[in-house]
Amino acid sequence: MLVAIGASIAVLTGIGAGIGIGIATSKAVDAIARQPEAEAKISKALLLGCALAEATAIYGFVIGLLILFIR
């Protein structure tokens, strides 16, 4: 039972990544609306940040699977 609880806690990193990507996207859209000429720089920074946040969520998912299947 404790293994399932540990795995579920590890997978919860996906919630944080989703919230972070949503906030970053809303800020990027706001920044592009204010300064359309800086769209390329803003988009590049946004994609890098989203990729790092998504990688964190994937790591949490992999750790959850490892906890479940490798005891």
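Some notes on this structure:
- Of GLY14, GLY18, all but one fail to be at pLDDT below 95, crowded, with 16+ Cβ neighbours inside 10 Å and either under 18 Å from the mean Cα position of the chain (by Cα) or not aromatic (Phe, Trp, Tyr) (or both); the exception is GLY14.
- Sole residue being at pLDDT 95 or above and assigned to a helix (DSSP H, G or I), chosen from ALA4, ALA57, ALA31: ALA31
- Verdict on LEU46 being assigned to a helix (DSSP H, G or I), free of Cβ contacts under 8 Å to residues at least 40 places away in the same chain and either in contact with a Ser or Thr (Cβ under 6 Å, 6 or more places away or on another chain) or not charged (D, E, K, R) (or both): yes
- Pairs where the first residue, in region 6-29, is closer than 16 Å to LEU48 by Cβ and the second is of a type in the set (Val, Ile, Thr), C-beta under 7 Å, 6+ apart: ALA17/THR56; ALA28/ILE42
The values are calculated or read from the model by the stated rules, or taken from the named source; none is laboratory data. Just so we're clear, the structure is a prediction, and the values are computed from it rather than from any experiment. For neighbour counting, all protein chains shown are included, and Cβ atoms are generated from backbone atoms with ideal geometry for every residue, glycine included.
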